[in-house]
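Peer 1: Sending over a structure as structure tokens; questions will come in a sec.
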Amino acid sequence: MPVRFISTRSSGHRTVLFSEALRQGLAPDGGLYVPTLVPALPRGWESTGSFRELADRIVSQWLEGDLPREAVQAAVASALDFPLSLVPLSGEWEGVHVLELFHGPTLSFKDFGARTMARLLAVARSAGAEAARQELLTVLVATSGDTGSAVADGFSGLPGFRVILLYPEGQVSPVQERQLVVRRPGVKALKVRGAFDDCQRMVKAAFADPELSAIPLSSANSINIGRLLPQMLYYAWAVAQVGGKPRICVPSGNLGNLTAAVLGRAAGVPAAGFLAAHNANRFFPDYLDGQETGFSPSVATLSNAMDVGAPSNFERLEWLLGKARLRELVEGEVVSDQETLASMRRVYLETGYVADPHTAVGLEGVRRRRSRWDGEPIVVASTAHPAKFPEAVEAALGFCPEEPDSLERLIDQPTRVDGIDAHPVALREFLLSE
Ligand SMILES: *Cc1c(COP(=O)(O)O)cnc(C)c1O
């Protein structure tokens, strides 16, 4: 039986299949899609050899009876064709395992979700009606960092899609910009003369614009269930490797990655509890502590991919667990920029491990909490490659991290980017003129 999905805001019983939730992104009532029932992990999942084999088994299980199995298999294999690893730390950090999720083409964990989502969307289109197969789908993404390049890379070269990336001029790091503007087939980057919020506003306006109703639009942000499912896979894999009932620490922003971990637990991945490690954007840790101050505007920090004032997956998490259970199962920590740099330094001096600022927020959370736990193994999601943040690494450690080949190669590659005013009409004109 295929898994069915329901909107977090639905009062009725209308459910959709994965392929439908994937195409829609947000549910028509403005809610987020959640599974009505989480299937138990396939038998023998703990001893399934490779990550790819495990991924294939779990995804096939979720999509069985929805999309053709062989096409799904091929999509997953092509999406997840890069390594992941689990690095045990030593000395005082014994028992802590860093789950490196940044070995994909754009060097952040977002490659797992974005690449899988793109390929499954392509499968859903070719399995759909003739009309759907013919149309060109325009994927709009507003990005302040890692999402844009992961999505662009994920869709690049897939027939039937074009990607329009919007990013705020002067507000992404030089490495991030290099990854955004590199020329990719079917991808156009737009440098918006404004802030990230303007980019997001422009994308939202395009969806509501009657003059664009003839252009099929889709979005690829982290509310799409197609990004969460693949993120659940690596938690299952990591816990199978580590054994026991670990604590899982997730450096968080929009809370998509944490939601995926919670879904994994619902499917039967043993976990003693979760730690949501945040930077100064502290809505969620405060909520876990019982202070319901509400969302607030985002604050800029060194771990910029986590600069989120209103986490989009919060609604999903609360729906899945309920407030009381959420507060039982998940702890929160807030780590300042100063503490992030100190964490990078401490972990390097004590273990030789070079962590990026996002991962360092997670490691600092673990260091503070650990004495209160019961000695379970600990898995910390490492969300980005340190070479994506050379300025922070140099400030903390006094040297620049080594660039992986994929990043070095970008230096000489042709770029493609247009400037655009921070106004919905400018985006409309661009979309109509292309
Ligand atoms: C997106 C991102 C995060 C935050 O993940 P969420 O799913 O939004 O909570 C953390 N670290 C890095 C490097 C990211 O790119």
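Every number in this text was worked out from the coordinates using simple rules, so none of it is lab data. Since the structure is predicted, the reported quantities are computational estimates derived from the model, not experimental observations. Positions of Cβ are generated from backbone atoms using ideal geometry, with glycine treated the same way; all protein chains shown enter the neighbour counts.
Peer 1: Under 17 Å from a label point 7 Å along Cα→Cβ of Ile215: give me every residue in the range 410-427 with its amide N that close.
Peer 2: The answer is 417-427.
Peer 1: May I ask you to work out the translational diffusion coefficient for the chain at 37 °C, viscosity 0.692 mPa s, via Stokes-Einstein with Rh from the Kirkwood sum over Cα pairs, reported in whole µm²/s?
Peer 2: 150 µm²/s
Peer 1: Mind checking which lysines have their Cα closer than 27 Å to the Cα of Lys204? Skip sequence neighbours fewer than 8 apart in that chain.
Peer 2: Lys204 reaches Lys110, Lys188, Lys191.
Peer 1: OK, next. Considering Cα pairs under 8 angstrom that are at least six residues apart, work out the relative contact order of the chain and quote it in whole percent. Spell out each step's value before the answer.
Peer 2: Details: 858 pairs, mean separation 78.3, N = 434.
It rounds to 18 percent for the chain.
Peer 1: Find the percent of Cα-Cα distances in the range 232-377 that exceed 23 Å, and round it to a whole number.
Peer 2: Roughly 33 percent, rounded to a whole number.
Peer 1: Next up: Taking square-rooted eigenvalues a ≥ b ≥ c of the alpha carbon gyration tensor, is the range 364-416 rounded, prolate or oblate, where a/c under 1.5 means rounded and, failing that, a/b exceeding b/c means prolate?
Peer 2: Since a/c reaches 1.5 and a/b is larger than b/c, the shape of the range 364-416 is classed as prolate.
Peer 1: What's the Kirkwood radius of the range 211-298 in Å, using all Cα pairs?
Peer 2: 14.9 Å
Peer 1: Something else about it: Order the peptides 354-364, 209-219, 275-285, 161-171 from the highest to the lowest mean number of other Cβ atoms within 10 Å of their residues.
Peer 2: Peptide ranking by packing, descending: 354-364, 275-285, 161-171, 209-219.
Peer 1: What is the gain in length, in nm to one decimal, between Lys245 and Ala310 on full extension, counting 0.36 nm per residue of separation less the C-alpha to C-alpha distance?
Peer 2: Here the segment from Lys245 to Ala310 would lengthen by 20.3 nm.
Peer 1: So, one more: Assuming R0 = 45 Å, what is the FRET efficiency of Gln338 and Ala266, from their Cβ-Cβ distance, to the nearest 0.05? Working shown, then result.
Peer 2: Numbers: r = 36 Å, r/R0 = 0.81.
With a Förster radius of 45 Å, E is 0.80.
Peer 1: Also, quick follow-up: Trypsin sites (Lys or Arg not before Pro) within the range 336-434: which are DSSP loop residues with at most 13 other Cβ atoms inside 10 Å?
Peer 2: When the trypsin sites (Lys or Arg not before Pro) of the range 336-434 are filtered for loop state and at most 13 Cβ neighbours within 10 Å, Arg416 remain.
Peer 1: Is the shape of the range 1-111 best called rounded, prolate or oblate, per the rule: a/c under 1.5 gives rounded, else a/b larger than b/c gives prolate, else oblate, with a ≥ b ≥ c the square roots of the Cα gyration tensor eigenvalues? Mind dumping the intermediate values first?
Peer 2: On the way: a/c = 1.99, a/b = 1.68, b/c = 1.18.
Prolate, since a/c reaches 1.5 and a/b exceeds b/c.
Peer 1: Which residue fluctuates the most in the chain, going by a Gaussian network model with Cα springs under 10 Å, if the choices are Asp421, Asp405, Asp307?
Peer 2: Asp405
Peer 1: Give the order of Tyr287, Tyr234 when sorted by the count of other beta carbons within 10 angstrom, beginning with the fewest. Write out the running numbers ahead of the final one.
Peer 2: Numbers: Tyr287 23, Tyr234 26.
With the sparsest Cβ surroundings first, the list reads Tyr287, Tyr234.
Peer 1: Let me ask something else. Using the membrane-span-like helix rule (whole DSSP H runs, Cα extent along the own axis of at least 24 Å, mean Kyte-Doolittle hydropathy at least -1.0), which helices of the chain qualify?
Peer 2: On the way: long enough: 110-127 (25 Å, 0.15); 225-242 (27 Å, 0.81).
Helices meeting the span and hydropathy rule in the chain are 110-127, 225-242.
Peer 1: What Kirkwood radius, in Å to one decimal, follows from the Cα pairs of the range 84-168?
Peer 2: Hydrodynamic radius (Kirkwood, Cα only) of the range 84-168 equals 14.7 Å.
Peer 1: DSSP beta bridges in the chain, what fraction antiparallel, as a percent rounded to 5?
Peer 2: 20 percent
Peer 1: Here is a further query. Using a cut-off of 25 Å between alpha-carbon atoms, which lysines can reach Lys323, once sequence neighbours fewer than 8 places away in the same chain are excluded?
Peer 2: Within reach: Lys245.
Peer 1: Give, in nm to one decimal, the length gained when the segment between Ala324 and His13 is fully stretched (0.36 nm per residue of separation minus the Cα-Cα distance).
Peer 2: Once the chain is fully extended between Ala324 and His13, it gains 109.5 nm.
Peer 1: Something else about it: From the phi angles alone, apply the Karplus equation (6.51, -1.76, 1.60; θ = phi - 60°) to the range 91-103 and give each ³J(HN,Hα) in whole Hz, x where the residue is Gly or Pro.
Peer 2: For the range 91-103, the Karplus-derived couplings read x, 4, 9, 3, x, 9, 10, 8, 8, 7, 10, 10, 9 Hz, x marking Gly and Pro.
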